[in-house]
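For reference, the structure discussed in these notes is given below.
The values are calculated or read from the model by the stated rules, or taken from the named source; none is laboratory data. Note that the coordinates shown come from a computational prediction; the quantities given were computed from them, not determined experimentally. Cβ placement follows ideal geometry from the backbone for every residue including glycine, while neighbour counts extend to all protein chains displayed. Surface accessibility is based on the protein's heavy atoms, side chains included, excluding ligands, DNA and RNA. Shrake-Rupley method; radii C 1.70, N 1.55, O 1.52, S 1.80 Å.
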Amino acid sequence: MKYLFLALGLLSFTARAQTAAPVAHDWLIQPGPAKARIDQSANGRDIVMSNGLVRRVFRLKPDLACIGYKNLTNGQQLLRAVKPEARVVLNGVAYNVGGLYGQKENAYLLPQWIDQLKVSDSAFHYVDFKISPIAPYLQWKTTMWAGSKKDATGSEVAFRFGSSLPALAGVDVYVHYAIFDGIPLVSKWVTIENKSKGDVTIDQVVNEILAVTEEESAVVGRPEEMAKPNGLYIENNFAFNNSMRYGLSDQATHWKVDKSYTSQVNYDYQTPCLLEVHPKVPMGTRLKAGEKLESIRTYELLMDSYDRERKGMAVRKMYRTIAPWTTVNPIFMHLVSKNDEQVRTAIDQCAATGYEALILSFGSHCNMEDISVENLKKWKDLADYAHNKKVLIGSYSLFSSRKISEEDDVINPKTGKTGGAFFGNAPCLGSKWGLAYLDKLKKFMSHTGFDIFENDGPYPGDVCASTSHPGHEGLADSQWKQMALQKGLYHWCAENGIYVNAPDWYFLDGTNKVGLGYREVNFSLPREQQKILNRQNIFDATWNETPSMVWGFVPLTKYQGGGPEAVLEPLSEHLDAYEQLMMQYYGAGVQACYRGPRLYDTDETKKTVSNVVSWYKKYRDILNSDIVHLRRADGRDWDGIMHVNPELPVKGLVMLYNPTGEKITRNVKLPVYYTGKDQSVKIRVKEGTAQSYKVGRNYEVDYKVEIPAEGYTWLVVE
């Protein structure tokens, strides 16, 4: 009975539990036998990718095409029609890659139709394939605490396509697929090899084309107004714009209309049921003879539910699987320094309280662009001092949102002048200054031994019309080339064990953390308001992100305005607020930027900070586990979250808050399904004695709890 609800994926735990047919296991709770395999069918006609959770099937002849895409947890077939495997635009001409043609009804695909489909005049046709184990995307490393240091495992296939057209002689297109162990996830990307003697301009690569079953049948309406298919979550590594949320940062996922689908309900054929993945801005890059280009990588996660929590947990499992570096989560302070002595003092305080890292914040006296002998020596000495104290060290550096020069800033294609960039003025990463900036950062970090890089204003997608910048040829390739340069820096950091905070969505290319989302001016509000706002921000930011993926903010000193009521200094005079703000963040598993000149000012303050950090370290594994959202803070009644992890001895940890001025007692329903416990659980208040509680049919435990006035409490589920 434990996993009854999974098959239908309905809206509530109760409905699922009462109506769905049983399945062997829930992949979000038990790994199960979901081992990825890619095999050729017994008759040699098909290639089958499967891991027990998802199956994707390809017909090999007369040309290669995807003929099936099924979610095995609920039996849903995602594919309604056959399309090309990819599309490339070379030297201004679009060419389909593989695919089968002639399907007359596009609402569904019957197996008996497939043998009747024909090869098109596509310029690239299937040649052969190669199957291999998944290779790590990044050769990352770290010495820091991490929830997982295991790279993704599974199987990968590369389909090779060639062309008989004289204009494309020597150009090979490879369509790659990877399927992962333990998760209904498929990845796809395209590589192009130029083995000819001349250059080829790659204007665009559409690396995924899928005719997906529509989510709704609307008689009238525009595509942007209609629901997109729920059964398929798409993410790719071409996302930016500083929104700090993937859905708003994605630059390459496009749900389009399919005019060949003539039996759809929409009168104007406007149903958004054709998925294409490609950069919005054409790539426009020249591929020289002997070179190879890799497209963006698409990750396709199959969903079995409309439940927001379950969908979010699936996305979080995806990050832990394909980007395990996002589970690294050092305990850090944000130092505002004016001199070296303040740095040493902060290092001493970090070591004394259990903090693991120190980041020189914006406004500090560390300049990573200064690679003079004197500056490198000074910061190497300070890094050595920190390392001797077992404290990591790093610094802030701003790339965008600054003006460098008329020669080095991005050129607006509309005016032919600087200005009009995402941040108004911004340097071009492909300019002489931009290329030198990247080199200086690498030299600084390599020489000093810095462990952390906080990169504010990463490349936000600005195009540049300059034809004199050495890092790109002109407007056409400016975005693709700048993006590659930014990714290259983050790859280098990951490969050298350097942790990266960046307020943009470069997670799939090596960054570790992004802001959880906040208005900086809110930190000038009174502390009591900040407490509630911070809990709201944490609650809202952790639906799709794991706790280790986001950072918050605590202004120890004045920040963005505000008076004495907004800050914590003097720390000893606001110890209750200091402790609760730490518990709110650490209790969520979220690191905050504790920004100021010191962590403590008295022995009592030192003890408080040390106690909170010790508590966090004791429960670190569960606190970095998935969050189940209980009740959002509204200032009127209790609010809280619950961490869950069926693989740990501590199955859950609950943080509950009371914003009112009086002690309250509440009956709280604790959803324990994702703890893996379905009969009974033991629950204790803080370090008290655990008591056993029966789990109801809806996988909830009714728990009566007392929460102190303007305070908090926490529970452990075992």
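Filter region 400-419 for residues that are in contact with an Asp or Glu (Cβ under 9 Å, 6 or more places away or on another chain) and either within 23 Å of ILE347 (Cα to Cα) or crowded, with 22+ Cβ neighbours inside 10 Å (or both) and give the result. Passing the criteria: SER400, VAL410, THR418.
Residues of region 90-113 that are farther than 21 Å from THR213 by Cα and open to solvent by 30 Å² or more (accessible area, probe 1.4 Å): ASN91, GLY92, VAL93, ALA94, TYR95, ASN96.
Summed over region 492-537, residues that are at positive phi and assigned to a strand (DSSP E or B) total 0. Please verify whether VAL644 is open to solvent by less than 10 Å² (accessible area, probe 1.4 Å), farther than 24 Å from VAL672 by Cβ and of a type in the set (Val, Ile, Thr), treating the condition exactly as stated. For VAL644, the condition - open to solvent by less than 10 Å² (accessible area, probe 1.4 Å), farther than 24 Å from VAL672 by Cβ and of a type in the set (Val, Ile, Thr) - is not met.
Screening TYR600 on (1) out of contact with any strand residue (DSSP E or B) (no Cβ under 8 Å at 6 or more places or on another chain); (2) of a type outside the set (S, T, N, Q); (3) in a helix (DSSP H, G or I); (4) modelled with pLDDT of 95 or more shows it passes everything except condition (3).
If the condition is being open to solvent by 30 Å² or more (accessible area, probe 1.4 Å) and of a type in the set (Val, Ile, Thr), then region 544-589 contributes only THR557.
A quick yes/no check of all residues on (1) within 21 Å of ARG631 (Cβ to Cβ); (2) in contact with a Leu (Cβ under 7 Å, 6 or more places away or on another chain); (3) not polar (S, T, N, Q):
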site: GLU573; (1), (2), (3): no, no, yes
site: TYR578; (1), (2), (3): no, yes, yes
site: LEU581; (1), (2), (3): yes, no, yes
site: GLY589; (1), (2), (3): yes, yes, yes
site: TYR600; (1), (2), (3): no, yes, yes
site: LYS606; (1), (2), (3): no, no, yes
site: SER610; (1), (2), (3): no, no, no
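Scanning region 422-459 for residues that are out of contact with any helix residue (DSSP H, G or I) (no Cβ under 9 Å at 6 or more places or on another chain), within 30 Å of TRP145 (Cα to Cα), at pLDDT 95 or above and surrounded by fewer than 23 Cβ atoms within 10 Å (Cβ to Cβ) turns up TYR437, ASP439, LYS440, SER446. Whether a residue is open to solvent by less than 20 Å² (accessible area, probe 1.4 Å) and either under 27 Å from the mean Cα position of the chain (by Cα) or closer than 21 Å to ILE114 by Cα (or both) was assessed, and LEU64 passes this test. Listed conditions (1) under 17 Å from SER397 (Cβ atoms); (2) buried (at least 19 other Cβ atoms within 10 Å of the Cβ); (3) not aromatic (Phe, Trp, Tyr) are all met by LYS481, apart from (1).
Quick one: is ASN266 more than 30 Å from the chain's Cα centre (by Cα) and crowded, with 21+ Cβ neighbours inside 10 Å? It is true that ASN266 is more than 30 Å from the chain's Cα centre (by Cα) and crowded, with 21+ Cβ neighbours inside 10 Å. Of the residues making up region 150-192, those that are touching a strand residue (DSSP E or B) at 6+ places or on another chain (Cβ under 6 Å) and among the acidic types (Asp, Glu) are GLU156, ASP172, ASP181. In this structure, does ARG632 turn out to be open to solvent by 40 Å² or more (accessible area, probe 1.4 Å), without any contact (Cβ under 8 Å) to a residue 60 or more places away in the chain and over 28 Å from CYS350 (Cα atoms)? Here the answer is no, as ARG632 does not meet what is asked.
Within region 334-356, the residues that satisfy the criterion of being surrounded by 21 or more Cβ atoms within 10 Å (Cβ to Cβ), of a type in the set (A, V, I, L, M) and out of contact with any His (no Cβ under 9 Å at 6 or more places or on another chain) are LEU335, ALA346, ILE347. Being touching a strand residue (DSSP E or B) at 6+ places or on another chain (Cβ under 9 Å), without any contact (Cβ under 8 Å) to a residue 40 or more places away in the chain and open to solvent by 40 Å² or more (accessible area, probe 1.4 Å) holds for only one residue in LYS704, LYS618, LYS607, and it is LYS704. Looking at region 126-144, which of its residues are surrounded by fewer than 21 Cβ atoms within 10 Å (Cβ to Cβ) and either farther than 24 Å from GLY488 by Cα or among the small types (Gly, Ala, Ser) (or both)? Matches in region 126-144: VAL127, ASP128, PHE129, LYS130, ILE131, SER132, PRO133, ALA135. Suppose we filter region 31-56 for residues that are touching a residue at least 12 places away in the same chain (Cβ under 8 Å), over 14 Å from LEU302 (Cβ atoms) and β-branched (Val, Ile, Thr); how many remain? Residues flagged as touching a residue at least 12 places away in the same chain (Cβ under 8 Å), over 14 Å from LEU302 (Cβ atoms) and β-branched (Val, Ile, Thr) within region 31-56 amount to 2.
Is it true that some residue in region 488-500 is free of Cβ contacts under 8 Å to residues at least 40 places away in the same chain and within 17 Å of the chain's Cα centre (by Cα)?
Here is the first cut: in region 488-500, the ones free of Cβ contacts under 8 Å to residues at least 40 places away in the same chain are 490.
Those left that are additionally within 17 Å of the chain's Cα centre (by Cα): 490.
Within region 488-500, one or more residues are free of Cβ contacts under 8 Å to residues at least 40 places away in the same chain and within 17 Å of the chain's Cα centre (by Cα).
From GLY182, GLY231, GLY221, grab the single residue that is of a type outside the set (Phe, Trp, Tyr) and surrounded by fewer than 20 Cβ atoms within 10 Å (Cβ to Cβ).
Working: GLY182 fails: surrounded by fewer than 20 Cβ atoms within 10 Å (Cβ to Cβ); GLY231 fails: surrounded by fewer than 20 Cβ atoms within 10 Å (Cβ to Cβ).
Being of a type outside the set (Phe, Trp, Tyr) and surrounded by fewer than 20 Cβ atoms within 10 Å (Cβ to Cβ) holds for just one of GLY182, GLY231, GLY221, which is GLY221.
Given GLU208, GLU216, GLU193, GLU225, which one is within 30 Å of PRO33 (Cβ to Cβ) and out of contact with any Cys (no Cβ under 8 Å at 6 or more places or on another chain)? Selected residue: GLU208, the only one of GLU208, GLU216, GLU193, GLU225 that is within 30 Å of PRO33 (Cβ to Cβ) and out of contact with any Cys (no Cβ under 8 Å at 6 or more places or on another chain). Does ASP384 satisfy the criteria of being touching a residue at least 12 places away in the same chain (Cβ under 8 Å), over 30 Å from VAL186 (Cβ atoms) and either over 32 Å from the mean Cα position of the chain (by Cα) or open to solvent by 40 Å² or more (accessible area, probe 1.4 Å) (or both)? For ASP384, the condition - touching a residue at least 12 places away in the same chain (Cβ under 8 Å), over 30 Å from VAL186 (Cβ atoms) and either over 32 Å from the mean Cα position of the chain (by Cα) or open to solvent by 40 Å² or more (accessible area, probe 1.4 Å) (or both) - is met. Within region 664-701, the set of residues being in contact with a Ser or Thr (Cβ under 9 Å, 6 or more places away or on another chain), over 23 Å from TYR578 (Cα atoms) and open to solvent by 50 Å² or more (accessible area, probe 1.4 Å) comprises SER680, LYS682, SER692, TYR693, LYS694, ARG697. For beta carbons closer than 6 Å, sequence separation of 6+ or different chains, a first residue in region 311-327 that is closer than 14 Å to THR153 by Cβ and touching a residue at least 12 places away in the same chain (Cβ under 8 Å) and a second that is among the small types (Gly, Ala, Ser) and buried (at least 21 other Cβ atoms within 10 Å of the Cβ), the qualifying pairs are THR321/ALA152; ILE322/ALA152. The residues of region 287-344 that are among the hydroxyl-bearing types (Ser, Thr, Tyr) and in a strand (DSSP E or B), listed by number, are THR298, TYR299. Within region 442-459, residues that are assigned to a loop (DSSP other than H, G, I, E, B) have Cβ atoms under 7 Å from residues that are among the acidic types (Asp, Glu) in these pairs: PRO458/ASP504, counting only partners at least 6 apart in sequence or on another chain.
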